[in-house]
Amino acid sequence: MGAVHAACMAELGHDVVGIDVDESKIENLSAGRAPFFEPGLGDLLSPDNARLRFTTDIAAAEHARVHFIAVGTPQVAGGVAADLTYVNAAVEALLPHIGPGHLVVGKSTVPVGTAARLAELVAPTGASLAWNPEFLREGFAVSDTLSPDRLVYGVDNRDDRAAEVLDEIYKRPLEAGTPRIVTDYATAELVKVSANAFLATKISFINAMAEIAEVTGADVTTLADAIGYDARIGRRFLNAGVGFGGGCLPKDIRAFQARAEELGVGHSLAFLADVDDVNLRRRQRVVDLVTENLGGDLMGKAVTVLGLAFKPESDDVRDSPALDVAQRLVDAGAIVRATDPEAIETARRIRPHLDYVESIQEAISGADAVVVVTEWHQFRELDPAEVAGWARGRVVVDGRNCLDASDWRSAGWTYAGLGRP
């Protein structure tokens, strides 16, 4: 988020300095190299861009009047609550370099109540604090920043200036008609986590329906199409499969539950535990389908895993269902070979023992079964007849329900999807 936001703010015409403690990240960004895969970001990172620079020196903040906090809030070690170490450290590091007329703007996803606490830290400097949650989709982060579907400002009701400053910053998207909501700190914080909780719930709902479909012979994809025509429900995020992952939804719904418990209303979000459980069950279901279709035993079977990132158009493998499935297959005795268009190196840092190859054909060569767990277009568009010439077996498990089942079956494959007959 931070690198994308910095680059996009420069694209909107502002003079921007991006600050981070990671020297290698700053070196890459300063040279115009994106330190992760995000479509469109590289085009905005020209080292010749006079409006954008990067540094590890926090003192550079003295030359700015608006300071965005865009650090991570991972789960605490050994728990599910949000770790605010980096948010707290960023604000504390800024304090000596801000003063009257300055605005600190939080973009990190934080537990409700965080902004009010940080506002008290900032107040003695004469600066103000606002909370401006991000709603970025990995793979679309640049367009989501430049053309957001809404802007939310959480401000102190005694501070009329904060919203005016944010309006100045977001002048271009506002002029393009982006809806703008000005509210209090708590509501702004809750907008982000409740949006993620709703999306996670919708995904797990259709995956729960997939579990029912599997024991009744129903087709969850047709079911999703049918209920998706209802305008109250909608079709988006009703794709049954191996479930959600990444650096946002899983940790955010867990941290939301933890905060609700702290507030004494844990019962209000108790259902999110079931949402999480359904999501995690689908990973094992993929492994079970591979096992069932390879005679009940994976020991020594060659299995190709297509996909490592938690979603296409990203190299992010944090809490990736794809990488988890690959590991579970190995644990069950399979000989796994995995590939991904962008995420091999990030996956290797987490699971260095897995066998990674760059080529799809090399990955599938000699395989007894092929498993699709990230719906990259390169995998969706495979010709099943051609792939049959590479593999040894004819089993394909579609962990994202993204393949044409009839095409694969017509080419001689045993096709297995999640919640599909």
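So how far apart, in nm, are the two label points at Arg236 and Thr414 if each is 7 Å from Cα heading toward Cβ?
3.9 nm
Among (i) 59, 49, 40; (ii) 70, 49, 42; (iii) 59, 55, 48, only one was calculated for this model; which label is it, if the read-out is Cα extents along the principal axes in Å?
Of the listed options (i) 59, 49, 40; (ii) 70, 49, 42; (iii) 59, 55, 48, (ii) comes from this structure.
Alpha carbon centre of segment 339-409 versus segment 133-170: separation in Å?
That distance is 39 Å.
What relative contact order, as a whole-number percentage, does segment 28-141 give when Cα pairs under 8 Å and 6 or more residues apart are counted?
Normalised by residue count, the contact order of segment 28-141 is 23 percent.
Which residue, Asn207, Thr221, Leu238, has the largest displacement toward the positive end of the dipole of segment 207-249 when charges sit on each Cβ (Lys, Arg +1; Asp, Glu -1)?
Most positive-ward Cα: Leu238.
Could you calculate the contour length gain from Ser30 to Ser365, that is, 0.36 nm times the residue separation minus the distance between their Cα atoms, to one decimal place in nm?
Residue separation times 0.36 nm, minus the Cα-Cα distance, leaves 116.5 nm.
Please work out how much length the chain gains when fully extended from Thr216 to Arg180, using 0.36 nm per residue of separation minus the C-alpha to C-alpha distance, in nm with one decimal.
Extra length from Thr216 to Arg180 when fully extended: 8.4 nm.
Just want to confirm a number: the relative contact order over the chain, from Cα pairs under 8 angstrom separated by 6+ residues, in percent.
Relative contact order here is 12 percent.
Can you list the HN-Hα couplings for segment 145-160, worked out from phi with the Karplus curve (6.51, -1.76, 1.60; θ = phi - 60°), rounded to whole Hz and with x for Gly and Pro?
These are the phi-based 3J(HN,Hα) values: 7, 6, 10, x, 7, 6, 10, 10, 10, x, 9, 6, 5, 9, 10, 7 Hz.
Using 1/(1 + (r/R0)^6) with R0 = 22 angstrom and r between the beta carbons of Asp383 and Asp149, what's the FRET efficiency to the nearest 0.05?
Computed FRET efficiency for Asp383 and Asp149 comes out at 0.05.
Which far-off residues, 5 or more places away or on another chain, put their amide H under 5 Å from the one on Val152, with H placed in the peptide plane?
Those lying under 5 Å, H to H, from Val152 are Ile181.
By DSSP, what percent of the beta bridges with both residues in the chain are antiparallel, rounded to the nearest 5?
10 percent
In what sequence do Trp390, Trp408 fall when counting other Cβ within 10 Å, fewest first?
In increasing order of surrounding Cβ atoms, one gets Trp390, Trp408.
Values in this text are rule-based calculations from the coordinates and carry no lab data. This is a predicted model, so every value here is computed, not measured. Cβ: placed from backbone, ideal geometry, glycine included. Neighbour counts: every protein chain shown.
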